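The values are calculated or read from the model by the stated rules, or taken from the named source; none is laboratory data. Worth saying up front: this structure is predicted, and the values here are computed from it rather than measured. Neighbour counts run over all protein chains shown; Cβ positions are idealised from the backbone, glycine included.
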Amino acid sequence: AQKITQTQPGMFVQEKEAVTLDCTYDTSDPSYGLFWYKQPSSGEMIFLIYQGSYDQQNATEGRYSLNFQKARKSANLVISASQLGDSAMYFCAMRGVRAGNMLTFGGGTRLMVKP
Amino acid sequence: GAGVSQSPRYKVAKRGQDVALRCDPISGHVSLFWYQQALGQGPEFLTYFQNEAQLDKSGLPSDRFFAERPEGSVSTLKIQRTQQEDSAVYLCASTRSVQGYGYTFGSGTRLTVV
C-alpha cells in the first residue's frame, strides 16, 4: 500500500519569498515516482514537477524544485519568489510500479500568498 | 482536443437519481483514470482503463458506481441511486502511454446530491 502525508493544511507566504511545502510518503515499491500538482479554485490539476525514485539529482522546473530525501522518504516542494498567482491547493502524489499506474494523493496544502 | 474535457461541469441530482459523467480524453491517450475528490481532501482513485479495458476498479466505493470506455476514447462514469455521500468533484485524467508520467487532468464535474 502507498501513503502520502502532507502535514500542513494551510500556509501563508509573503510575495517574493520562498516557501517549502512538506510531503512524506510510505511505500514498499522499489521503484516509484513522486509528483506535485497545483489546484487553483477552477479545479483543474496542474502538473508542476516529477521526481523518479532512482533519479540522482533533485528535479527543478523554473521556480519549482523538489527536495528529495529518499532515506527520509520525503519529497518537499520548494517554490522560489512566490507570486500572488501561486495561491492555490498543492497536492503531493506518488505512483508505484507494483501498485499500478494510478496516483495516490496526499490531503493537500492550501498556500496563500500575501501581497 | 487540446485537453481533457469533462461534462457536465456541475450536476445537481436528487437522492436516488441516476447520473452519468462524461470524460473526453486527449486524442490518442491510452490510459484513462477516474478520481473522486471530496471537499477539502485529495483525490482518491476510482478506476483505470487502458484503451477499452478496465484494468483496475478497486477504488469504486460500491456497486452503484460503474465506468465504461467502450471504444477506448470517451469514458462515462455512472452512479446509480445517488446518495448524499456521493457529493464530490469527479476528476478524469489521461496519459499518452502506460508508463508515462504526463497525467493531464480535466476540470472535473462537481456533483451535488440533494
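Some points to look at:
- Subset tally (residues that are aromatic (F, W, Y) and either buried (at least 20 other Cβ atoms within 10 Å of the Cβ) or modelled with pLDDT of 95 or more (or both)) for the stretch B:99-114: 2
- The single condition among (1) more than 29 Å from B:W34 (Cα to Cα); (2) free of Cβ contacts under 8 Å to residues at least 40 places away in the same chain that A:F68 does not meet is (1).
- If you go through the stretch B:63-85 and pick out every residue that is out of contact with any strand residue (DSSP E or B) (no Cβ under 9 Å at 6 or more places or on another chain) and under 15 Å from B:D18 (Cα atoms), you end up with 2.
- Residues in the stretch A:64-110 that are at pLDDT 95 or above, more than 13 Å from the chain's Cα centre (by Cα) and closer than 21 Å to B:Y103 by Cα: A:D86 only.
- Listed by first and then second residue, the pairs with beta-carbon distance under 8 Å, at least 6 apart or on different chains, first residue in the stretch A:97-112 and more than 7 Å from chain B (Cβ to nearest Cβ), second assigned to a loop (DSSP other than H, G, I, E, B) and of a type in the set (A, V, I, L, M), are A:A99/A:A1.
- Each residue in the stretch A:90-115 was checked for being within 17 Å of A:L34 (Cα to Cα) and either acidic (D, E) or crowded, with 20+ Cβ neighbours inside 10 Å (or both), and 15 of them qualify.
- Number of the condition not met by B:Y48 [criteria: (1) more than 9 Å from chain A (Cβ to nearest Cβ); (2) in contact with a Ser or Thr (Cβ under 9 Å, 6 or more places away or on another chain); (3) of a type outside the set (D, E)]: (1)
- Strands (runs of 3 or more DSSP E) completely within the stretch A:1-114 that count 1 or more residues being acidic (D, E): A:24-26
- Check on A:S28, more than 11 Å from chain B (Cβ to nearest Cβ), closer than 30 Å to B:P8 by Cα and out of contact with any Asp or Glu (no Cβ under 9 Å at 6 or more places or on another chain): no
- Of all residues in the stretch B:74-98, those satisfying the criterion of being more than 8 Å from the chain's Cα centre (by Cα), within 12 Å of chain A (Cβ to nearest Cβ), hydroxyl-bearing (S, T, Y) and surrounded by 14 or more Cβ atoms within 10 Å (Cβ to Cβ) are B:S94, B:T95.
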